[in-house]
1. Look through the stretch 324-367, keep the residues that are open to solvent by 40 Å² or more (accessible area, probe 1.4 Å) and among the aliphatic types (A, V, I, L, M), and return whichever of them is nearest to the chain's Cα centre (by Cα).
2. Among the listed residues K288, K312, which satisfies the condition of being in contact (Cβ under 8 Å) with a residue 60 or more places away in the chain and open to solvent by 10 Å² or more (accessible area, probe 1.4 Å)?
3. Specify the residue that is nearest to W112 (Cα to Cα); the eligible residues are those in the stretch 139-174 that are of a type in the set (S, T, N, Q) and open to solvent by less than 60 Å² (accessible area, probe 1.4 Å).
4. Inside the stretch 30-50, can you point out the residues that are touching a helix residue (DSSP H, G or I) at 6+ places or on another chain (Cβ under 7 Å) and over 19 Å from R113 (Cα atoms)?
5. Just a yes or no: is a residue in the stretch 281-289 of a type in the set (A, V, I, L, M) and more than 25 Å from G359 (Cα to Cα)?
6. Mind checking which residues of the stretch 83-118 are in contact (Cβ under 8 Å) with a residue 40 or more places away in the chain and over 20 Å from the mean Cα position of the chain (by Cα)?
7. Check whether at least one residue in the stretch 237-255 is open to solvent by 20 Å² or more (accessible area, probe 1.4 Å), β-branched (V, I, T) and either touching a His at 6+ places or on another chain (Cβ under 8 Å) or within 16 Å of L204 (Cα to Cα) (or both), and report yes or no.
8. Would you mind listing the strands (runs of 3 or more DSSP E) fully within the stretch 8-121 where at least 1 residues are open to solvent by 30 Å² or more (accessible area, probe 1.4 Å)?
Amino acid sequence: IVANPAIECGDILLETKNLFKFLKKEKIDFFSGVPDSVLKTTSSFLESKKENHFITTNEGSSIAMAIGYYLATKKIPCVYMQNSGLGNAINPLISISHKKVYSIPMLIIIGWRGAPGIKDEPQHNVKGKITKSILKLLNIKYVILNNVKDLKKFKKLIKFSKINSVPVAILLKKNILINKNTKSQKKISISNKIQRSDVIEILLKIIKKNSKLIATTGFTSRELNQIRSKKRSNKGNDFYMVGGMGHSSVLSLGVSTKTKHEVICLDGDGSFLMHLGSIVSIGKKSRKNFKHLLFNNFSHESVGGQSTNIDKVNIEKLIKSVGYKHYFLLKKKQEIENKLKTFLKKPGPSLLEVRIKMGSMKDLSRPKNLIKIKKNFMNSF
């Protein structure tokens, strides 16, 4: 059991339901955002919003969605995101919302990964240290919300946003928001029995010795790393996207254009959607060696299981319309090896969609010594 720092300090805990009650009193009832692990306790509350809650593919889109709402209603919207997503949000925040442009008020709730004093992964530690500086450069006033007492500061901040017609933000560290006696979030139900690790294990057995594997953020990179180290497979070379969600496919494109070796992008549905325009570049510029393996469980699994809204998308028609040559669908566990072999034999750009169920390997570790991983990957060419 990890002790909550708020308890240790004797502060009054901030329950998620009380945060939403506070926002309702402030007449803030519209939400758009990208799911985040720090803010995952908010998911069950946002589910009830229906017409007033939109999960978007990236944080810039969340800001734009909120701006549209304000223009139509004159009411302050709320955007939520992880601090890593500030990079995606900067463009609309500066070029549309800024006081000297259209002067749009809004509230931004930011999950503060890598906050000072909290142990986190390298990429989050880097972003965590500069998060406050980014907000200052954007001229966005903020409050660090640690407990119920800080809601008074929060109230003043919202008033400032309304009076001055500018964005404002609150920063929330891990374990500040808690849930008490609330229903857990409904997770996407998938009948498929395939697990991500099932596919990765077989993939490492059948790929060529010099194949290059680029794995997206979250469980995909972590499982590839763990299976690779435990099975001690000497086939292929890995690069793990520990950060940069949404960029694994176009990074793979960059690699594939400068090597004759097979390049396999291990992607996820949330990442695939975040910068969907990348598939246009892939369809136009990639070579025969580009293979796109998409793990699809219709959810942002690693941050709470919220829907990615990809369930109605015809992925085959989508990727073929931009120039991919082949599409394959894998839904049955007994077909994993044959489908993988067929997929890898066909000239790219090609995509294999693998319908997987929720869940990851137990005691999942994280890639360590990232500089060494980079050097090993580069030395494999």
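The values are calculated or read from the model by the stated rules, or taken from the named source; none is laboratory data. Note that the structure is a prediction, hence the values are computed from the model and not measured. Glycine also receives a Cβ, built like all others from the backbone with ideal geometry; neighbour counts cover every protein chain displayed. We work out accessible area using only protein heavy atoms, side chains counted, and drop any ligands, DNA or RNA first. Shrake-Rupley method; radii C 1.70, N 1.55, O 1.52, S 1.80 Å.
1. Residue satisfying both the conditions and the ranking: M358.
2. Values: K312 fails: in contact (Cβ under 8 Å) with a residue 60 or more places away in the chain.
Just one listed residue meets the conditions, K288.
3. Going residue by residue through the stretch 139-174, those that are of a type in the set (S, T, N, Q) are 139, 146-147, 161, 164-165.
Subset that is open to solvent by less than 60 Å² (accessible area, probe 1.4 Å): 146-147, 161, 164-165.
Values: N146: 12, N147: 15, S161: 21, N164: 25, S165: 24 Å.
The qualifying residue nearest to W112 (Cα to Cα) is N146.
4. At the first step, the residues of the stretch 30-50 found to be touching a helix residue (DSSP H, G or I) at 6+ places or on another chain (Cβ under 7 Å) are 30-37, 40-42, 45.
Scanning the stretch 30-50 gives F30, F31, S32, F45.
5. Pass one, the stretch 281-289, residues of a type in the set (A, V, I, L, M): 282.
Now restrict to residues that are more than 25 Å from G359 (Cα to Cα): 282.
Yes, because at least one residue in the stretch 281-289 is of a type in the set (A, V, I, L, M) and more than 25 Å from G359 (Cα to Cα).
6. Those that are in contact (Cβ under 8 Å) with a residue 40 or more places away in the chain and over 20 Å from the mean Cα position of the chain (by Cα): I94, S97, H98, K99, S103, I104, P105, M106, L107, I118.
7. Here is the first cut: in the stretch 237-255, the ones open to solvent by 20 Å² or more (accessible area, probe 1.4 Å) are 237, 239-240, 242-245, 247, 250-251, 254-255.
Now narrow it down to the ones that are β-branched (V, I, T): 242, 250, 255.
The next check asks that each one be either touching a His at 6+ places or on another chain (Cβ under 8 Å) or within 16 Å of L204 (Cα to Cα) (or both); those that pass are 250.
Checked the stretch 237-255: at least one residue is open to solvent by 20 Å² or more (accessible area, probe 1.4 Å), β-branched (V, I, T) and either touching a His at 6+ places or on another chain (Cβ under 8 Å) or within 16 Å of L204 (Cα to Cα) (or both).
8. Values: elements: 31-33, 53-55, 78-82, 106-111.
Where strands (runs of 3 or more DSSP E) fall fully within the stretch 8-121 and carry at least 1 residues being open to solvent by 30 Å² or more (accessible area, probe 1.4 Å), they are 53-55.
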